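Asks: Structure incoming, see below.
The values are calculated or read from the model by the stated rules, or taken from the named source; none is laboratory data. On a predicted model such as this, the values are computed, not experimentally measured, just so you know. Backbone-built Cβ (ideal geometry, glycine too); neighbour counts: all protein chains shown. SASA here: full protein model, heavy atoms, side chains in, ligands and nucleic acids out. Shrake-Rupley method; radii C 1.70, N 1.55, O 1.52, S 1.80 Å.
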Amino acid sequence: MLGRIGVLACAAVALLGAKAPPGARPAITGISHIAVYARDMAKSEHFYTHVLGARKGTDPENPAGVRYYLSPRQFVEVLPAPAGQGPSMLAHVAYATADAAALRTWLAASGVASLGALQRSSDGDRWFALRDPEGNAVQFVQPASTDATPVPGAISGRMIHLGYAVKDREKQDGLYRRLLGFRPYWYGAFKPDKVDWVSQQTPDGRDWLEYMMVGPGSDVPEANVDARQLGVLNHLSLGVSNMQAAVTILHREDRLSPRHDGPQMGLDGKWQANLYDPDGTRVELMEFRPVTKPCCSPFTAESPIG
C-alpha cells in the first residue's frame, strides 16, 4: 500500500535543491483538474453528470478517458482502471500555470530531473508532468481557456482544493513549498498533539493542496490505510457559497450519492459535506470562507472567493 509509494521517492526530484532557482518562477495560478480511475465508466458518468451536474466531454489527453467539466477551465478526468490497479484510484493531479514551457525550463534549471516532455492537446492546452517525492503524478497545465463560468446545473463550478495521502511532510515540502513556493494556509488535527491536515495555497492563487497525513504524528496509522481510506484521503473539494442551499438542491433533485455524509462543521471553521463516487473517491463540498474560528491554527492566507 503506502509503503510501496514511499520507496518511489522520486527521480523527478532527485536533484531537488541542488541548484538555486534561476530567476522568477512562472506563475502557478490554481488547480486545473484531478484524474481518477474508475472500474465502471457508466456508473462514474452517472455520478459526475447527475450528482455533481458536470458536463461530459471527450478527453483530448487520453482517448480512453472522459472529462467532466465544472467550468471550461476545471474538470475531473475519469480514466478506466488498468488491470491490476491497486487500492488507490488517484491517477494524477494538475495545477494551472501561465506558461508551461517556461515553467518546465525553470524546473530543469533548478535541478529537477526526469521531467516529462512538453505536450499539447487537441484543445490547445500545453502541459508536462513530473512525480513528486512520494510518487504522485503531477501535471502543470497552461489552459487554452481561462473561462471560469460554472457549467449550468453543476452543484459547483469551482474546485478549490485537492488532497492526497502524505507520509513525509518534509520531503513533500521540498518540492511544493521550498521550490515551487506554495504558501501556508492552515493546519489541524483531531487531537492537539497530532497533525492530520496541512494546507498550502498555490503560489499565485487561492486554491490549495491539502496534505492528508498518515503514519507517525497523525491520527491515521499507515496499517489502516486500505482502499476505502485512500478514497477518503485522495479527494477533491468543490466550493459552494451556501452549504444549506447546495444540500437542499441535492435532496430536492434526488442527486445525493448512495454514500454521503454531512453537512458538518469542519475543524477549519467551514461547513462541509461529502459525496463519494462509485469507486470511493471523496468529493468534498466546502463553503469558501470560515464562519467560525478554526481549531489548531489560524488561517495565514486569504480564503477563496465564491
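Asks: Summing Lys, Arg as +1 and Asp, Glu as -1, what charge do residues with Cβ under 12 Å from the Cβ of ALA189 carry, ALA189 excluded?
Replies: Working: positive: LYS191, LYS194; negative: ASP193, ASP196, ASP219, ASP268.
Summing Lys and Arg as +1 and Asp and Glu as -1 gives -2.
Asks: While we're here: Counting only C-alpha contacts under 8 Å and six or more residues apart, can you give the relative contact order of region 76-189 as a whole percent? Please report the intermediate quantities before stating the final value.
Replies: Values: 110 pairs, mean separation 24.1, N = 114.
For region 76-189, the relative contact order is 21 percent.
Asks: For LYS43, go through the aspartates and glutamates and keep the ones whose alpha-carbon is under 15 Å away, minus same-chain ones fewer than eight residues off.
Replies: LYS43 reaches GLU77, ASP277, ASP279.
Asks: Then there's this: Where the accessible area of the chain is counted over protein heavy atoms with a 1.4 Å probe, how much of it, in %, is carbon and sulfur? Could the numbers behind the result be given before it?
Replies: On the way: 6930 of 12870 Å².
Of all accessible area on the chain, carbon and sulfur atoms account for 54 percent.
Asks: Now for a separate question. Less than 21 Å apart at the alpha-carbon level, and either on another chain or at least 8 residues along: which lysines does that give for LYS194?
Replies: LYS167, LYS171, LYS270, LYS293
Asks: Of the chain, which part is the longest with no GluC sites (Glu not before Pro) in a loop (DSSP not H, G, I, E, B) and with at most 14 other C-beta atoms within 10 angstrom?
Replies: Values: sites that count: GLU253, GLU302.
Within the chain, the longest run free of exposed GluC sites (Glu not before Pro) spans 1-252.
Asks: Contact order normalised by length for region 191-236, with contacts defined as Cα pairs under 8 Å and 6 or more residues apart; what percent is it? Mind showing how you got there, number by number?
Replies: Details: 45 pairs, mean separation 14.8, N = 46.
Value for region 191-236: 32 percent.
Asks: Sort 149-155, 110-116 by the packing proxy (mean of other Cβ within 10 Å over each peptide's residues), most packed first. Before the final figure, lay out each step's value.
Replies: On the way: 149-155: 15.6, 110-116: 17.4.
Those peptides, ordered most packed to least, come out 110-116, 149-155.
Asks: Something else about it: For the chain, what's the relative contact order in percent, using C-alpha pairs closer than 8 Å and at least 6 residues apart?
Replies: Numbers: 723 pairs, mean separation 58.3, N = 306.
Answer for the chain is 19 percent.
Asks: Enter the accessible area per residue of region 139-212 (Å², integer; probe 1.4 Å; all protein chains in place). It would help to have the intermediate numbers written out before the result.
Replies: Numbers: 2810 Å² over 74 residues.
That works out to 38 Å² per residue.
Asks: Quick one: which residues, 5 or more positions from ALA27 or on another chain, have an amide H under 5 Å from its amide H? H modelled 1.01 Å from N in the peptide plane, none for Pro or chain starts.
Replies: Here ALA98, ASP99 satisfy the definition.
Asks: Cα centroid distance between region 234-293 and region 54-77, in Å?
Replies: Cα centres, region 234-293 to region 54-77: 22 Å.
Asks: Let me ask something else. Based on the inverse mean of 1/r over its pairs of different Cα atoms, what is the Kirkwood hydrodynamic radius of the chain, in Å?
Replies: Working: mean 1/r = 0.0512 Å⁻¹.
It works out to 19.5 Å.
Asks: Also, quick follow-up: Given the rule -39500 (n - 2.57) for each run of at least 4 DSSP H residues, summed and divided by the residues of the chain, what is its mean residue ellipticity at 222 nm, to the nearest 500 deg cm²/dmol?
Replies: On the way: 6 runs with 43 residues, N = 306.
Helices in the chain give a 222 nm mean residue ellipticity of -3500 deg cm²/dmol.
Asks: Could I ask something else about it? Using all alpha carbons of region 211-267, what is the percent of pairwise distances in each 5 Å bin, ordered from the shortest bin to the longest?
Replies: The percentages, shortest bin first, are 4, 13, 20, 20, 17, 12, 9, 4, 1.
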